[in-house]
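Asks: My questions will all concern the structure given below.
The values are calculated or read from the model by the stated rules, or taken from the named source; none is laboratory data. None of the values given here were measured: they were computed from a predicted structure. Cβ: placed from backbone, ideal geometry, glycine included. Neighbour counts: every protein chain shown.
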């Protein structure tokens with residue numbers, strides 16, 4: 001089933017009309033099909049341009065913000081990895097039978113995890129606020 005077509009009358013300059021005639025002279029081509037394709041392509045580009053104009057600046061800002069978040073996350077992860085490596089390098093491992101040392105380490109770790117939980121739940125940040133109070137130690 002074919003879509004009904006509507007007739008339009010157009011006025012073209014002589015050079016443009018000559019170019020259209022040359023294109024339509026090729027086998028399987030018609031002036032109507034060429035003009036319809038050209039008009040559709042132009043309208044599609046214009047719609048894309050309007051979307052780009054409307055949302056382009058906002059998307060650019062979001063891209064920059066996401067880039068900063070990614071960079072900051074990489075810095076944080078690298079800092080944490082270096083800190084853990086440093087701490088493991090300067091502290092001797094506990095002896096297998098050092099139950100008191102292991103109990104202290106477990107308490108300190110639990111205090112650390114609790115402090116992180118409180119900070120995250122409260123929406124607070126330690127970074128840039130000075131040295132933390134120790135979290136109940």
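Asks: Regarding residue 106, is this residue assigned to a helix (DSSP H, G or I) and modelled with pLDDT under 85? Walk me through it before giving the result.
Replies: Numbers: assigned to a helix (DSSP H, G or I): yes; modelled with pLDDT under 85: no.
Judged against the criteria, residue 106 is not a match.
Asks: On the basis of being over 30 Å from residue 125 (Cα atoms) and modelled with pLDDT of 85 or more, does residue 19 make the cut?
Replies: Yes, satisfied.
Asks: Something else now. Looking at (1) surrounded by 10 or more Cβ atoms within 10 Å (Cβ to Cβ); (2) over 30 Å from residue 126 (Cα atoms), which one does residue 28 not meet, given that it meets all the others?
Replies: Every condition holds for residue 28 apart from (1).
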